[in-house]
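See structure below.
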Amino acid sequence: MIPTQTLSRFIHSKRRLYPDSTGELSDLLVSISVGMKYISQMVATAGFKGLHGYTGKTNSHGEETRMLDEEADEVLVELLSSSRHFGLLVSEERDSVIETEAANGEGKYVLAFDPLDGSSNIGSNIPTGTIFCILRKKDLSKPASHDDFLQPGSRIVAAGYSVYGAKTSFVYSTGTGVHGFTLDPSLGEFVLTDENIRIPRNGSIYSVNEGNTCYWSERVRAFVDKLKEPTAAGEAPYSGRYVGSLVADFDRTLRKGGIFLYPTDSRRPSGRLRLLYECMPLAFIAEQAGGLAINGPHDVLSLIPGDIHERSAFIAGSEQEVRVYRKLVHGIE
Ligand code: P6P
């Protein structure tokens with residue numbers, strides 16, 4: 001049977017549910033998926049094109065940038081700036097907001113993305129990915145501004161991520177469920193492989209960098225230790241899985257259930273992951289799939305970034321485990 005539900009056909013079929021939709025959002029998602037195809041190719045061929053190395057420059061966070069980070073960033077900025085749907089862009093790789101080709105009045109949306117998350121793993125063939133979220137401008141009658149990125153995640157209109165691994169997958173939501181696609185290299189198309197992904201209510205895997213244990217609070221340590229013990233009912237302890245690439249760890253948690261956690265610690269009191277273009281988009285996906293995503297005491301989607309590169313704690317996954325975490329660590333039901 002030939003794969004018929006390509007991404008474009010699926011997105012446009014969903015659009016028919018909203019007769020008054022302009023199709024702009026559908027067009028955006030297809031544009032983003034084109035960028036992901038380019039990046040998938042770049043990642044797959046980086047090894048013999050000598051693109052695994054560093055550029056010798058540092059990004060706005062003082063981190064050494066890899067050639068692939070820069071290449072992925074440039075592909076997305078060029079593609080999405082010319083789409084004229086976005087008033088402004090934000091990339092992890094750039095200090096400030098990025099102007100686009102949208103004339104002043106154009107561009108109902110703003111887009112924030114991490115062009116190549118996990119790129120530090122690229123040399124060892126560990127999965128990497130692109131993460132994005134789309135917000136509607138606060139005032140459609142005005143040109144986009146920096147302030148349009150400082151909105152709560154509950155205002156996201158679409159979000160998603162890709163995983164460049166053994167296969168290239170693309171997972172997105174526009175607020176009506178989470179859908180997963182796989183790139184068919186022979187077609188050059190993303191084909192629907194998982195319609196309406198639901199995260200299991202609980203799981204048996206926990207995902208955290210245990211190298212940070214000595215920096216955690218006592219309560220975080222107690223929570224993780226508890227996962228490693230057989231339960232009173234005699235159930236086996238959780239399995240530990242940590243890739244060190246957010247998209248890979250999150251995607252496994254989304255599909256298998258359990259919990260991913262990157263809490264604050266004494267070294268990183270504000271957290272390690274980026275709120276706007278890592279935590280918020282993945283929180284949107286987690287909630288759309290029936291899971292939860294918190295920064296500890298608060299739902300990630302209720303947070304308003306104070307800065308486009310703000311960091312946050314991120315605990316996400318099955319409803320049961322995330323609720324137990326919030327109760328044990330923060331005393332919140
Ligand atoms: P740590 C990769 O550099 C990244 O930004 C995420 O993809 C990943 O979840 C995290 O950092 C890993 O951080 O401190 O465990 O190495």
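Tell me the relative contact order for the range 1-135 as a rounded percent, counting alpha carbon contacts under 8 Å between residues six or more apart. For the range 1-135, the relative contact order is 17 percent. Dividing the summed -39500 (n - 2.57) terms of all DSSP H runs of n ≥ 4 by the residue count of the chain sets its mean residue ellipticity at 222 nm at -8500 deg cm²/dmol.
Give a quick list of trypsin sites (Lys or Arg not before Pro) in the range 128-222 that DSSP marks as loop, anything other than H, G, I, E or B, with at most 13 other Cβ atoms within 10 Å. Counting only loop positions with at most 13 other Cβ atoms within 10 Å, the trypsin sites (Lys or Arg not before Pro) in the range 128-222 are LYS167, ARG201. With the biggest extent put first, the Cα atoms of the range 7-194 measure 48, 37, 26 Å across the principal axes. I'd like the accessible area for VAL34, computed on protein heavy atoms only with a 1.4 Å probe and all protein chains in place. Round to 10 Å², please. Ignoring ligands and nucleic acids, VAL34 comes out at about 50 Å². Residue ranking by accessible heavy-atom surface, 1.4 Å probe, largest first, among SER83, SER96 comes out as SER96, SER83. Charges were assigned to the Cβ only: +1 to each Lys and Arg, -1 to each Asp and Glu. The resulting dipole of the chain about its Cα centre is roughly 840 debye. The translational diffusion coefficient of the chain, from Stokes-Einstein at 4 °C and 1.567 mPa s with a Kirkwood hydrodynamic radius over alpha carbon pairs, comes to 64 µm²/s. Kirkwood analysis of the range 155-275, using all unique Cα-Cα pairs, places the hydrodynamic radius at 16.4 Å. Accessible surface computed residue by residue for the chain, with neighbouring protein chains in place and a 1.4 Å probe, gives 43 Å² per residue.
So which residue, out of VAL43, VAL30, VAL322, gets the largest mean-square fluctuation from a GNM of the chain using Cα contacts under 10 Å as springs? With Cα springs under 10 Å in the chain, the top fluctuation among VAL43, VAL30, VAL322 is at VAL30. Relative to the current alpha-carbon distance between SER302 and LYS57, full extension at 0.36 nm per residue lengthens the span by 84.7 nm.
With 28 Å as the limit, the listed pairs LYS14/LYS137; LYS108/LYS256; LYS108/LYS327; LYS37/LYS256; LYS14/LYS49; LYS37/LYS138 have LYS108/LYS256; LYS108/LYS327; LYS14/LYS49; LYS37/LYS138 beyond it between alpha carbons. Assuming charge only on the beta carbon of Lys and Arg (+1) and of Asp and Glu (-1), the dipole of the range 7-194 about its Cα centre is about 680 debye to the nearest 20. Counting only protein heavy atoms, what percent of the accessible surface of the range 7-194 is carbon or sulfur at a 1.4 Å probe? With neighbouring chains kept in place, the figure for the range 7-194 is 49 percent. The range 86-113 and the range 285-333 have Cα centres spaced 27 Å apart. Over the chain, what relative contact order in percent results from Cα pairs under 8 Å that are six or more residues apart? Result for the chain is 15 percent.
On a per residue basis, the convex hull of the C-alpha atoms belonging to the range 166-207 measures out at 105 Å³. Residues LYS327, LYS108 ordered from highest to lowest accessible area at a 1.4 Å probe: LYS327, LYS108.
The values are calculated or read from the model by the stated rules, or taken from the named source; none is laboratory data. Predicted model, so just to flag it, every value in this text is computed and none were measured. Note that each Cβ is placed from the backbone with ideal geometry, even for glycine, and that neighbours are counted across all protein chains shown. The accessibility values were calculated without ligands, DNA or RNA, using every heavy atom of the protein model including side chains. Shrake-Rupley method; radii C 1.70, N 1.55, O 1.52, S 1.80 Å.
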